[in-house]
1. Which fully enclosed helices (runs of 4 or more DSSP H) of the stretch 228-288 have 3 or more residues being under 41 Å from the mean Cα position of the chain (by Cα) and closer than 18 Å to residue 149 by Cα?
2. Being in contact with a strand residue (DSSP E or B) (Cβ under 7 Å, 6 or more places away or on another chain), under 27 Å from residue 292 (Cα atoms) and either assigned to a loop (DSSP other than H, G, I, E, B) or at pLDDT 80 or above (or both) narrows it down to one of 464, 475, 440, so name that one.
3. Quick one: would you say residue 303 is assigned to a helix (DSSP H, G or I), at pLDDT 75 or above and under 35 Å from the mean Cα position of the chain (by Cα)?
4. Among the residues of the stretch 112-132, is any surrounded by 15 or more Cβ atoms within 10 Å (Cβ to Cβ), touching a helix residue (DSSP H, G or I) at 6+ places or on another chain (Cβ under 7 Å) and over 30 Å from residue 92 (Cα atoms)?
5. Pairs needed: first member in the stretch 225-249, assigned by TED's automatic domain parsing to the domain that holds residue 168; second member anywhere, outside any helix (DSSP H, G or I); C-beta distance under 8 Å; at least 6 residues apart or different chains.
6. Residue check: is residue 394 surrounded by 11 or more Cβ atoms within 10 Å (Cβ to Cβ) and at pLDDT 80 or above?
7. Take the residues in the stretch 306-332 that are modelled with pLDDT under 70 and not in a helix (DSSP H, G or I); name whichever of them is nearest to residue 395 (Cα to Cα).
8. Consider residue 263 carefully, then state whether it is exposed (fewer than 12 other Cβ atoms within 10 Å of the Cβ) and assigned by TED's automatic domain parsing to the domain that holds residue 159.
């Protein structure tokens, strides 16, 4: 049977994480480790002249890094605290004490080296830090190809079976980890108050770093993950056929130092269970899809709120009015003031240039309650708000009018080809994306016997909406592609 894993610090120095846990210099120490690794210990680095690198050469490399770090981060003399050579020796001593670097003695000469176990740890951390979007299709295809090699020649490719089992475990762990990372990113995005910072984090950190690279094709029939049952069948046939199982048993006994066939069979069953765990991938995919859909719904809802929200409109209007008045007051009297505002040029926003409201004669019958008259400035504000709210209104009537103008009865239109000629067209385009996500959620709930009220009852009598699984991008937004199919008059109402 496989033994229990050893303690991590049975293989690594106990204080190895101390330089990376320093509050003030954690980022600098990690960058310095990358610098030293690339200079001396990376596979592409120049080989040492002897058994390792001299302390003098390592200290000189650290000094070059510290000078560049101070210039890039504008560290003043008080923050540096000591000359660069003293700081370089302190940094080297810190790495030696923690175990990242080690002194190796050959005769009377001392060399600086990085032990293989420590180097392996650094490469794992470096891979984790630089990890980008994952592509599941490549991993699944690799597992399938490996198992096909084992099936074709079990004697020569028995070692590949264990590699395929590890890849399956890594794949399932990655799916589960990505779901949790999506949830964490969604919670972090909800704390962003400004729209520009939200967009930067959503498209910079969430989409490009956390998202699965081939997520749009993940649930299609052409994705390599659709062949997971072939992989399960291959693993079962390899381990159940007597000839191939005997070849696996021989390899496990020879390379894993198994004392008996029973111990080798235990290792084989353990690796086989890793491959057969692909049968549970549907459950992980459903949980991942729910997390991604929820995060996308929250992001789209936040963006739609920011587009339609008035925000600090009154403050911005006051600032524009004051800026125009200041420009007019500072302009020479003998020259006309021209402002590129699209109207007649001049000081139109002053009260003297506007017509005063007509006052109705007062009726002297008992106590008279006079209705408050709006000032010209207040009337202009109200008119601008009405125009703004009208342009941003997304109702069933507006959506049906847009469909009547752009789609013939029985025709099909995709959101990627929709024309955006006004602010209202842009709001309707964003609404179609949201309706597509709602339609997909509604279909899933219906299959599970969950019935919920529809958002737009009348709209389902005119159109059908569905997601295509693709994405589009125009000069205003990036969103999933939605296919809108207009019903023919008199067709049954069976979807939305």
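The values are calculated or read from the model by the stated rules, or taken from the named source; none is laboratory data. Computed from a predicted model, the values in this text were never measured in an experiment. Reconstructed Cβ throughout: ideal geometry from the backbone, glycine too, with neighbour counts over all protein chains shown.
1. On the way: elements: 228-240, 242-255, 261-276.
Ranges flagged: 228-240, 261-276.
2. On the way: 475 fails: in contact with a strand residue (DSSP E or B) (Cβ under 7 Å, 6 or more places away or on another chain); 440 fails: either assigned to a loop (DSSP other than H, G, I, E, B) or at pLDDT 80 or above (or both).
Going through 464, 475, 440 in turn, the sole match is 464.
3. Values: assigned to a helix (DSSP H, G or I): yes; at pLDDT 75 or above: no; under 35 Å from the mean Cα position of the chain (by Cα): yes.
No: the conditions fail for residue 303.
4. no
5. As it stands, the answer is 225/218; 226/220; 238/154; 243/154; 244/154; 247/154; 247/155; 248/154, since those pairs meet every condition given.
6. On the way: surrounded by 11 or more Cβ atoms within 10 Å (Cβ to Cβ): yes; at pLDDT 80 or above: no.
Taking the combined requirement at face value, the residue does not satisfy it.
7. Taking the stretch 306-332 and keeping what is modelled with pLDDT under 70, we get 306-313.
Narrowing further to those that are not in a helix (DSSP H, G or I): 309-312.
On the way: 309: 16, 310: 18, 311: 21, 312: 25 Å.
Among them, the one singled out is 309.
8. Values: exposed (fewer than 12 other Cβ atoms within 10 Å of the Cβ): no; assigned by TED's automatic domain parsing to the domain that holds residue 159: yes.
Here the answer is no, as residue 263 does not meet what is asked.
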